[in-house]
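This report concerns only the one structure given below.
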Amino acid sequence: MKKKNARSIAEDDLLLDLAHHNVPASLLIEFSEKIVIPCFGGNLSAAVSELFQKALSEQDFVLSHINPIRENEIPQLQIET
């Protein structure tokens, strides 16, 4: 039997129901009209899931470019002998 890593277990076996709190109905309606219906055939779950995945990949991309810059900005200690 093939072992699963934690990420594949989470993706394959763990589905959650999300509740929307304090989100204006007008925002959900506009999101549905402009994004969910035309791009996802009305499937709100697929739309939210893809947006989460895109946000995470963009965050990874940004951090991969920021962290090397931060590392280069750290002053190096110079020890005189």
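The values are calculated or read from the model by the stated rules, or taken from the named source; none is laboratory data. Values in this document were obtained by computation on a predicted structure and should not be read as measured data. We place every Cβ from the backbone using ideal geometry, glycine too, and count neighbours over all the protein chains shown.
Of note:
- Yes/no for E80 being assigned to a loop (DSSP other than H, G, I, E, B), of a type in the set (D, E, K, R) and either surrounded by fewer than 10 Cβ atoms within 10 Å (Cβ to Cβ) or modelled with pLDDT under 80 (or both): yes
- Restricted to the range 37-47, and to residues there that are surrounded by 13 or more Cβ atoms within 10 Å (Cβ to Cβ) and either touching a residue at least 60 places away in the same chain (Cβ under 8 Å) or over 17 Å from D17 (Cβ atoms) (or both), the residue that is farthest from the chain's Cα centre (by Cα) is I37.
Residues are listed down the side, and each one gets a yes or a no for (1) of a type in the set (A, V, I, L, M, F, W, C); (2) modelled with pLDDT of 95 or more; (3) surrounded by 10 or more Cβ atoms within 10 Å (Cβ to Cβ); (4) in contact with a Leu (Cβ under 8 Å, 6 or more places away or on another chain):
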{"position": "E11", "(1), (2), (3), (4)": "no, no, yes, no"}
{"position": "L28", "(1), (2), (3), (4)": "yes, no, yes, no"}
{"position": "E58", "(1), (2), (3), (4)": "no, no, yes, no"}
{"position": "H65", "(1), (2), (3), (4)": "no, no, no, no"}
{"position": "E73", "(1), (2), (3), (4)": "no, no, no, no"}
